[in-house]
Amino acid sequence: MLRPLTPTRASGDVRPRGRFAFPGSAAFLAATLAVGTAVGCAVNPVTGQRELALISESQEIQIGRDADQDISRSMGLYEDEALQRYVQDLGARMARDSERPNLPWTFRVIDDPVVNAFALPGGFVYVTRGILAHFSSEAELAGVLGHEIGHVTARHGVQRVSRAQLAQLGLGIGTILAPEMAGVADAAGAGLSLLFLRYGRDAERQADDLGLNYMTSEGYDPREMAATFEMLARASGAQDGERLPGFLSTHPDPLERRDRIIGQIEAGAVAGTRVERESYLNRLAGMPFGENPREGFFRDNRFHHPDLVFRMDFPQGWRTLNQKQGVQAVSAEQDAVLVLTLATESSAAQARDAFSRQQGVTTANARNEPVNGLPAARVDFQAATQDGGTLQGTAAFIEHEGRVYRLLGYATQARWSARGAAVRDAIGSFRRETDSAILAAQPARIQLVRTPEAMTLETFHQRYPSTISMEEVGNINRVRPGQPISQGTLMKRVSGGQRP
């Protein structure tokens, strides 16, 4: 979520850090709907069969490149340059031996606790730190990267985009004109654009088979991919679902997929022995596990941000989302939105005036009005949309700790009278955080322990307690209760991070 303006080790740039975006956002949706409308066919590089394709390979790459910029900016990259380079090198090495080696293959680690991995057209592949924390070997990572590479090489995303284009022709999807309000376009388009990441069972099975071939071509043990699906099945129930959809949310039964892989191994179709367990685990030492409260967190409808020293109450019953560029709330009826982001101007009045000068925005009742003792500037507005509609809302710009916060609340013109009071109350709740326990919150982190003697999972958890359950400890280590753990085994435990 929102962080202070600091350089990121992964990219070296300086930008507001926070949480506020969906994979496959409205920018991705708009790009895919704009790249062409002539129905055509192309040869699938994996199957050799002709298939529906409304976009060329160069357009496919451009879609992925544009979306990659949006995802990297808004979702945020995990700030560990060495880990980013490691994942990029491993993925690129596998992709070089695929059917599409000349794509601009790009592999990134997203700073998100949800267990997930996904790919975009053109060769852009993402894994979350959440799924990395759950892997127990490099071979497991190779299996999932291979699966996502398979989606790209088999052009599954291109097929989804092409079908979506046909479905959307003539619908005249509108986008908000005002750039400061682009967040609402992302929210409106996210549900539809996430369809591009959903594939049928046949596509998932094909990606599994391709992933097996890619990983075993590098010598990795395919049994590690089978173990991954068992881990994912056990981990899926623990996900909060508030940001990225979990890796299994749109995928077939993971245990069925595990059994298919085991069947191929037993039939001698795939083989390999490379695992790289300890070298992989050593890369995880100190990694946050689960949500990082320093980036902000919700307790009921109240949002706390320890690093930025503020709190704010969002409307009761609204669905909230904390992501890299800000915080968003959408009403239960999905007819109103409240967005909190950082402004680039140096004062609240300057930020309000810049907002008011936007094309398509009409403002009224501009005033300087403190919020809980903090300098603030406000203005009411109406904003035109490209499809001829009108939004109505209010904007507040609040100065706090050397930053200016932008709070935009709006609804369709017809619904603003029913939603305005809740938005104004939420804006009026923004204040300095004073709770010392909140301000001291820290993330849970992975620690490594080498067992001094043989023991069971129960003994390990008792001797080296974690702030997650014993079952979760067993899952991230691939050990079941009662199963013996050999002396000298490198194990993960999770310490700290108990939320205030």
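The values are calculated or read from the model by the stated rules, or taken from the named source; none is laboratory data. All values derive from a computational prediction rather than experimental measurement. So basically every Cβ, Gly included, is an ideal-geometry build from the backbone, and we count neighbours across all protein chains shown.
Some values worked out for this structure:
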| item | result |
| --- | --- |
| Check on Arg493, outside any helix (DSSP H, G or I), under 29 Å from the mean Cα position of the chain (by Cα) and among the basic types (Lys, Arg) | yes |
| Residue in segment 412-422 that is in a strand (DSSP E or B) and at pLDDT below 95 present | yes |
| Test: residue in segment 453-463 that is in a helix (DSSP H, G or I) and within 28 Å of the chain's Cα centre (by Cα) | no |
| Qualifying residue in segment 76-89 (condition: assigned to a helix (DSSP H, G or I) and β-branched (Val, Ile, Thr)) | yes |
| Answer from Val115, Val127 - the residue that is within 13 Å of the chain's Cα centre (by Cα), modelled with pLDDT of 95 or more and outside any helix (DSSP H, G or I) | Val127 |
| Residues that are surrounded by 19 or more Cβ atoms within 10 Å (Cβ to Cβ) and under 19 Å from Glu204 (Cβ atoms), drawn from segment 267-301 | Val270 |
| Tally, over segment 32-72, of residues that are modelled with pLDDT of 60 or more, in a loop (DSSP other than H, G, I, E, B) and of a type in the set (A, V, I, L, M, F, W, C) | 4 |
| Residue in segment 375-386 that is touching a Pro at 6+ places or on another chain (Cβ under 8 Å) and either of a type in the set (D, E, K, R) or over 17 Å from Arg432 (Cβ atoms) (or both) present | no |
| Per-region count, segment 303-332, residues touching a residue at least 40 places away in the same chain (Cβ under 8 Å) and in a strand (DSSP E or B) | 16 |
| Test: residue in segment 310-320 that is at pLDDT below 95, under 16 Å from Ala426 (Cα atoms) and crowded, with 22+ Cβ neighbours inside 10 Å | no |
| Matching option when the condition is over 30 Å from Ala82 (Cβ atoms), exposed (fewer than 14 other Cβ atoms within 10 Å of the Cβ) and hydrophobic (A, V, I, L, M, F, W, C), among Ala354, Ala332 | Ala332 |
| Residue pairs meeting the criteria (Cβ under 7 Å; at least 6 apart or on separate chains; first under 11 Å from Thr451 (Cβ atoms), in segment 474-491; second surrounded by 12 or more Cβ atoms within 10 Å (Cβ to Cβ) and among the acidic types (Asp, Glu)) | Leu490/Glu278 |
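Yes/no per residue for (1) free of Cβ contacts under 8 Å to residues at least 12 places away in the same chain; (2) within 16 Å of Val479 (Cα to Cα):
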{"site": "Leu408", "(1), (2)": "no, no"}
{"site": "Arg424", "(1), (2)": "no, no"}
{"site": "Gly428", "(1), (2)": "no, no"}
{"site": "Glu433", "(1), (2)": "no, no"}
{"site": "Ser436", "(1), (2)": "yes, no"}
{"site": "Leu439", "(1), (2)": "no, no"}
{"site": "Val449", "(1), (2)": "no, yes"}
{"site": "Thr456", "(1), (2)": "no, yes"}
